[in-house]
Amino acid sequence: MSGDKVLFDQVSKTFDARTGRRTPGGAVTALDRLTLGVRPGEFLVVVGPSGCGKSTLLDLAGGLSRATAGQVLVNGRPVTGPGLDRGIVFQQYALLPWRTAAGNVAFGLEAKGVPRADRADLVAQHLDLVGLGAFAGHYPHQLSGGMKQRVAIARSLAYDPDILLMDEPFAALDAQTRDSLQDELVRIWERTGKTIIFITHAIDEAVYLGRRVAVMTSRPGRIKQVIDVELGDLDAAEDVRSSDAFRHHRHQIWTLLRDEVRAAQAAERPTLRRQEAPVG
Ligand SMILES: Nc1ncnc2c1ncn2[C@@H]1O[C@H](COP(=O)(O)OP(=O)(O)OP(=O)(O)O)[C@@H](O)[C@H]1O
Ligand SMILES: [Mg+2]
């Protein structure tokens, strides 16, 4: 669709796999003619089995790698590299250890050329936004995992990218921290209207965050189905996660993923037998 903020248009990505176990000397096809449109201002979650190509997809949107075939369009223009219109949050806290929380948030602002006088305000504002106003002077090693991830989120929001690309940003966190960061992220999204592409393999997280959830096939990754998540009024609900609507979507996605994992296992079996034959 021409109105898409981000469009993955028949995107394939093949890796030269000297390390690939299943196809020695051959190539690994991570994505195979994947097509997905992301609407302006939407919160889209991508789920898929491990190794199906989720990170590959996000890296392409971030301009960190290039498609083997097809193209990724942002605002209708092909992505040719990283840009300040797209902020990336990785699973591992990619903070600069020699900079304080404030210094890390300032980093993107410096890259963007924001004048020094305006930087301090923006840094303070964004540390407040993620609840870390009191920790501006702390270094990464003085912060918990959840706090580091908040700094990473504040950093990617501060320079005001249109699009946030998030690759399992909460996967390494404990359940409570994860829940509270999910709530913060939804609030930030509602307040800023940014387009968010969020990757996870946690089904609950997908249903809770995504207004649409794209379910990928096992590798080579394609989009199996895109689900509209309708949970009703989140603020009114006592416990959204135990509502009927939530359970319905959780089951729907779980079923789609289970079928994919089964298909992948079935595809693996003949290879295993061949490999085992000489031994047995
Ligand atoms: N740089 C690379 N070189 C070779 N193969 C790669 C490279 N990056 C990814 N792959 C392969 O591409 C496939 C998809 O990898 P990717 O990291 O995108 O999966 P994923 O869905 O993010 O998995 P996970 O859920 O475990 O994070 C995998 O088979 C992986 O081994
Ligand atoms: Mg990944």
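Each reported figure results from applying straightforward, stated rules to the coordinates on display, with no laboratory input. The shown structure was predicted, so the numbers you read here are calculated from the model rather than taken from an experiment. Quick reminder, even Gly has a Cβ in these numbers, built from the backbone with ideal geometry, and neighbours come from all protein chains shown.
Stretched out fully, how many nm does the piece from V240 to D228 gain, at 0.36 nm a residue minus the Cα gap?
Result: 2.7 nm gained on full extension.
Shape of region 64-216 from its Cα gyration tensor (a ≥ b ≥ c, root eigenvalues): rounded if a/c is under 1.5, otherwise prolate when a/b > b/c, or oblate?
oblate
Rank these for me by crowding, W254, W98, going from fewest to most other beta carbons within 10 Å.
W98, W254
Would you kindly derive the ³J(HN,Hα) couplings of region 71-77 from the backbone phi angles with the Karplus curve 6.51 cos²θ - 1.76 cosθ + 1.60 (θ = phi - 60°), listing them in order in whole Hz, with x for Gly and Pro?
8, 10, 10, 10, 6, x, 10
What are the ³J(HN,Hα) values, in whole Hz, obtained from phi via the Karplus relation 6.51 cos²θ - 1.76 cosθ + 1.60 with θ = phi - 60°, for each residue of region 61-69 in sequence order, with x given for Gly and Pro?
Calculated HN-Hα couplings, in order: 5, x, x, 7, 8, 10, 5, 6, 8 Hz.
Sort the following peptides by mean Cβ neighbour count (other Cβ atoms within 10 Å, averaged over residues), highest first: 188-198, 48-58.
Answer by packing, highest mean first, reads 48-58, 188-198.
Taking the Cα atoms only, what angle lies between the long axis of helix 101-112 and the longest principal axis of the chain, rounded to 10 degrees?
80
For the pair A266 and T192, what calculated FRET efficiency results from E = 1/(1 + (r/R0)^6), where r is the Cβ-Cβ distance and R0 = 30 Å, to the nearest 0.05?
About 0.10, to the nearest 0.05.
Where does each of M166, M147, M216 land when they are ranked from fewest to most other beta-carbon atoms within 10 angstrom?
The order, fewest Cβ neighbours first, is M147, M166, M216.
From the backbone phi of region 238-247, what are the Karplus-calculated ³J(HN,Hα) couplings (6.51 cos²θ - 1.76 cosθ + 1.60, θ = phi - 60°) in whole Hz, Gly and Pro given as x?
Once θ is set to phi - 60°, the couplings for region 238-247 become 5, 9, 3, 5, 9, 6, 4, 4, 4, 4 Hz.
What percent antiparallel are the DSSP beta bridges of the chain, to the nearest 5?
50
Starting from the Cα gyration tensor of the chain, multiply each eigenvalue by 5, take the square root, and state the resulting semi-axes largest first in whole Å.
33, 23, 20
If we count other beta carbons within 10 Å of each Cβ, what is the order of V28, V45, fewest first?
Arranged by neighbour count, lowest to highest, V28, V45 become V28, V45.
Can you compute the modelled spin-label distance between D118 and A134, with each label point 7 Å from Cα toward Cβ, in nm?
3.1
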